[in-house]
1. Taking only the Cα atoms of segment 535-582, how large is their convex hull per residue, in Å³?
2. Assuming 0.692 mPa s and 37 °C, estimate D for segment 387-537 with Stokes-Einstein, Rh taken as the Kirkwood radius over Cα pairs, in µm²/s.
3. Residues in segment 549-591 near a label at TRP68, defined as backbone nitrogen under 16 Å from the 7 Å Cα→Cβ point?
4. What percent of all Cα-Cα pairs in segment 154-201 falls into each 5 Å bin, going from 0 up to the bin containing the maximum distance?
5. Determine the gain in length on full extension of the stretch GLU105-ASP483; use 0.36 nm per residue of separation and subtract their C-alpha separation, reporting nm with one decimal.
6. With +1 on the Cβ of every Lys and Arg and -1 on the Cβ of every Asp and Glu, and nothing else charged, how large is the dipole of segment 115-261 about its Cα centre, in debye rounded to the nearest 20?
7. Which value, in debye to the nearest 20, gives the size of the charge dipole of the chain about its Cα centre, when Lys and Arg are +1 and Asp and Glu are -1 at the Cβ?
8. Full extension from GLU137 to ASP425: what is 0.36 nm times the residue separation minus their Cα-Cα distance, to one decimal in nm?
Amino acid sequence: MNEVALVGAGAWGLCVLERLADAVRTERCPTRVHVVEVGTAGPGVYALDEPEYLLLNTPCGQLSLYPWDDEGASPRYGVGLYEWTKQVGYRWNGDSCRVSRSGREVTPHDYLPRRVLGAYLQWFFETLVEDAPWPLEIVPHRALAVDIVSQPDGLEHVYLNTGEVLAVNHVILTTGHTGNLDHPEHLVRPYPVTPYVDAIPSTASVGIVGMGLVATDAITALTLGNGGSFVPRGDRLRYRASGREPRIYVFSRSGFPYCAKAVEALDETDDYASVICTEEAVAAIRADAGRVDLRTTMLPLIFAEMQARYYLHSAALAAGPDAAKEVRARLEQSSINDFESVVAPYAARYGSFDASRNFFAPEDSFVSATDYQDRVYAMVETDLDEALKGPASAVKAASEVLRFQRDAMRTVIEFGGLSLESYLDFQSNIRSKVSRLVAGPPAIRSQQLLALMDAGVVKAPFGPAPRLTTSHSGRTVRSRELDTPFSAPVDVLVQGYLEDPTLHRSSSPLLTNLYQQGRLQQFKYGDTPVGSVALTRDFHPIDRDGRVQQHLSLLGALTEGVRYFTHYLPSPKSRLRVFLDAQRCVEELLG
């Protein structure tokens with residue numbers, strides 16, 4: 001009997017469990033899986049009691065815990081989020097999405113409330129447990145794992161906070177977004193939103209540190225969550241205040257806002273064939289593993305591919321598929337060295353597209369707070385117009401290249417593929433810019449932000465990288481890069497971004513114990529620790545003495561840093577890797 005402990009039962013944990021069930025169904029390996037989850041198994045961070053206004057940033061038709069095309073009958077849990085909502089009977093009644101006999105039907109393009117995904121994940125887990133194939137036994141433990149100790153006989157003992165000890169052959173950690181101990185006391189964590197929404201009075205001024213996905217949730221919570229509402233006005237909105245909203249300031253290090261998802265866009269990851277950033281070109285970069293500079297090797301290829309995609313899409317929109325085929329045939333004869341001259345005629349015909357400027361955003365100077373805020377407003381509005389075009393936007397199509405090339409980027413970045421300098425540059429500068437273009441919120445959030453700025457409820461006056469000062473009179477945010485300085489007091493600061501889990505400063509008792517015992521160590525470049533966790537390519541941690549911990553496997557958010565883009569929901573296309581990683585892990589532990 002294989003005895004396995006799965007610690008953490010969010011989306012990544014469920015993928016592992018599903019792959020285990022599939023393997024046991026096929027191979028008939030007697031297996032008992034102990035699922036250790038301190039909360040409700042399944043939902044993870046997608047709590048069932050989250051407010052209705054917190055939405056997913058991925059259309060429901062692109063999310064599934066079961067992406068396989070079975071030749072025969074699929075198991076009962078073998079449906080994606082969209083299909084499940086149809087089965088259960090979810091419908092829209094205004095802004096509320098609930099099980100109902102009336103209202104608008106859910107479409108694959110809808111951005112559902114996160115709590116609906118949480119309900120799907122809970123159902124998936126419960127159904128998988130009920131329908132577990134013989135000889136698989138799933139044993140849930142509503143507990144917290146606090147330590148894992150290797151035994152002389154090769155077993156691992158998993159200690160739970162209930163006093164129970166599990167003796168298993170293998171432990172898989174999918175612990176997700178564990179917190180860190182050194183979180184600044186003055187910075188309010190972004191989730192859950194209800195406590196700070198209830199605590200902040202309308203007389204307060206709130207600074208939101210960040211201008212991305214998490215920041216939009218905080219803005220939504222402090223406005224819609226305080227009883228505000230939006231009224232349609234063409235393809236824009238008007239905000240109707242409740243009077244309970246605080247004054248909201250948003251700012252970030254880059255100074256540039258997110259980009260919204262295009263409406264009714266499909267995930268074409270499997271359908272797009274690269275023109276310049278091909279497998280062969282990326283393989284040539286990988287040949288120099290450990291010394292690669294991403295900016296000078298991979299990014300030029302990606303930028304050229306973004307331009308190619310822009311002109312291919314423009315040609316298809318203007319003259320149809322045959323015109324796009326002609327453009328592709330010409331571009332495929334080019335190389336990165338002569339690419340600019342080859343695309344010049346298409347730039348003249350369809351308009352120029354500067355992929356580098358689109359990626360890094362313009363390095364502009366700003367005269368005043370008003371000048372900077374007007375520029376932010378214009379960027380959000382311009383991007384919104386592109387998002388509302390949906391599949392008819394060549395700009396959004398070009399940005400999708402960053403999604404298509406995600407796995408190629410991983411092969412260059414992960415497991416020490418970059419030079420130390422390039423790795424640090426990627427983590428502090430490049431990673432966030434990729435997310436800005438392709439991991440943004442739905443277009444409705446940009447419509448709402450513009451309405452809130454029109455109403456004066458949300459302001460962005462500080463410019464890039466402002467500084468926070470503290471004195472006896474309180475906290476003040478001060479501009480750094482405005483010709484005319486601007487400052488304003490803030491009563492509350494809300495963290496508008498997510499931190500990566502760490503080992504050396506984790507608030508998790510389990511991770512702290514494993515780190516202090518030396519079974520887990522930080523990922524290093526030479527003697528320089530850079531965070532994350534040292535792993536083999538088979539997901540096994542490497543201890544402080546360089547030994548591989550063969551009976552432990554780590555997947556998901558904890559590995560961000562040594563790996564890339566682990567903070568995501570499973571998808572049959574652009575986010576398929578979670579299933580492939582889970583499959584490899586299961587194949588190894590079951591032999």
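All of the numbers you see were taken from the coordinates with simple rules; none came from a lab. Since this is a predicted model, take the numbers as computed values, not measurements. Cβ: placed from backbone, ideal geometry, glycine included. Neighbour counts: every protein chain shown.
1. In segment 535-582, the Cα convex hull volume per residue is 74 Å³.
2. Value of D from the Cα-based Kirkwood radius: 166 µm²/s.
3. Correct set: 571-573, 576-591.
4. 5, 13, 13, 16, 12, 10, 12, 9, 6, 2, 1, 0
5. Additional length available on full extension: 130.9 nm.
6. My answer is approximately 1400 debye.
7. Charge dipole of the chain: 1320 debye, to the nearest 20.
8. Net length gain for the segment: 99.1 nm.
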